[in-house]
Structures are given as structure tokens and as C-alpha cells.
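The block underneath contains the structure these notes are about, expressed in C-alpha cells.
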Amino acid sequence: LMLEDLAPAQRTAALALVKASSSAAGYDLARDIMRLNEHAGEITGRLDEFGEWCYWISVFGEPSPTEPWGWQIDGHHLIVNCFVYGDQMVMTPDFRGSEPVDAKSGKFAGTRVFKEEEANGLAFMKSLTPDQQQQAIIGTELPADVITTAQADNLVMEYAGIRYDALTPAQQDGLVALIETYVGRIRPGHAEIRMDEVREHLAETWFAWIGDMGENGAFYYRIHSPVVLIEFDH
């Protein structure tokens, strides 16, 4: 169902499903992406294509405490999938983006997204020594999109960059904190369980970088292990 077509109370109920599955930061990010989609409509004059409520909510199966079911929110720059089975919950694949990332005018002026993802990734790369940075860098030309984009079904991605065990203890803590920036979008409790899984595979976790390290530069980074794949495309 398209959110735009729902009555206000129905729309609130649909968003409550997203909110219940997310942390406060994760939910706020989803809503701000939707607001910036409206801003994209203001900029382009194409509000028939871009809008705050141009998103679809789907439910798979029947919500149940014992049987598997799930939900999805799907639209421009926001696609979140949630699978629930008893007390287990998985929220992947998860794609979030925005163009622009900062509304300087209009209905939602002041809305800004991905500030932490950008700043924390850059700070981690800058925490590496020059030799370590050379290990992390996997190219000089930014990809046109995230490499695991929707058209790249069944892609086999090789590990690349610098591995966790090549980092100092302080740098290792920084990499874990960077991962938490993303895993922390999941509701409390389930986020901690997910991070426990991530920690079990830290020795097999890689960080890769492409692009500029200047304050206003564009860059790409990814974090890849047997249990997590994070891509940030600036």
C-alpha cells in the first residue's frame, strides 16, 4: 500500500511498524530520508514523482509471535526489509540514500542525513597510518553506485582492503564503533545481538576505501565480513 493513499491514522500505524523495529536513530533516519524526498520534489518541481509519502508498505505473512512474517518499506532512496520469527529479527537488506543530503530551504529546511556515517568513516580512515591507508585503498575512481546495487544479484564480492588484525587496538575499537553506526539502526536488544555476531567474526573483517580524504572530498568505503556488508557511497 502506498503511504500517500492511506488515511492519516493508517499511515501512522504503518510507520509505527517501522518505529517498533528500529532504534530511535534508525527511525529518525528513515523519516528524514522521506522528508528529503519531498525536498527533492520541491527542487525539481516533480512532486508527482518525489514526495514524503511516495513509499509503499508491504507485509509478508501474518504477524505472529510464533510463525515467520515480515514487512518492507520501499521507495526512492529507502528500502528496508524486516524478517521476524519469534524473538528473532533480521533487518537486511537495508538501503538508505538521499540527494541532496541537506535541505537548505523549503518545508523541511535544516534536515540533514548521513552526517555520522560520513564523519565516522572519514575519521576512521584518518586514524590509519600512511602504510595502513595504502592497504585500505582499493582504487582511485569512485563507483557510480554502491557495488551491491539492485542490478548486481548474486554478486560474489572478494574481500579487499585492510583486515582487522592489521589494526592497532585503538583502531580496532574505531572500526567496531563505525560498524555500530549502522547496526545501531536496529531496535535495542536486537542491535546488541547483531553486534555479538559481528564480534565473532572480527578477525575476518575488512575495511576498504576509495576517494578523497579531504574534509569536503567525495569517497566510498565498505566493511565486509562473513556476517556483515556495509557500503557507504558519498
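The figures follow:
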item	result
In region 65-155, the GluC sites (Glu not before Pro) that fall in loop regions by DSSP, at most 13 other Cβ within 10 Å	141
10 Å binning of all Cα-Cα separations within region 1-75, expressed as whole percents from 0 upward	19, 46, 28, 6, 1
P(r) histogram, all alpha-carbon pairs of region 127-234 included - 10 Å bins from 0, percent	13, 45, 35, 7
Percentage of interatomic Cα-Cα distances in region 44-86 larger than 17 Å	45
The chain: most fluctuating residue of 77, 201, 224 per GNM, C-alpha cutoff 10 Å	201
Under 12 Å from residue 19, Cα to Cα: aspartates and glutamates that are on another chain or at least 8 residues apart	28
Added length on full extension, which subtracts the Cα-Cα distance from 0.36 nm per residue, residue 109 to residue 10	33.0 nm
Span from the region 168-234 Cα centroid across to the region 39-67 one, whole angstrom	27
Net lengthening on full extension, residue 95/residue 193 (0.36 nm per residue, minus Cα-Cα)	33.2 nm
Stretchable slack from residue 172 to residue 44, in nm (0.36 nm times residue separation minus alpha-carbon distance)	41.8 nm
Highest-fluctuation residue, 108, 207, 50 considered, GNM on the chain with Cα pairs under 10 Å	108
The chain: calculated mean residue ellipticity at 222 nm from DSSP helix runs of at least 4, using -39500 (n - 2.57)	-11000 deg cm²/dmol
Protection proxy ranking, peptides 121-131, 152-162, average beta carbon neighbours within 10 Å, highest first	121-131, 152-162
Virtual paramagnetic centre 7 Å along Cα→Cβ of residue 218, amide N under 19 Å, in region 55-95	77
Between helix 8-21 and the chain: long-axis angle, C-alpha atoms, 0 to 90°, nearest 10	30
Correct option for Rg and Dmax of the Cα atoms in Å [calculated from the coordinates] among (i) 18.6, 57; (ii) 19.6, 60; (iii) 62.5, 199	(i)
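The numbers here are math on the coordinates, done by the rules we state, and not lab data. All values reported here derive from a predicted model rather than from experimental measurement. Here the Cβ is made from the backbone with ideal geometry for all residues, glycine too, and neighbour counts use every protein chain on show.
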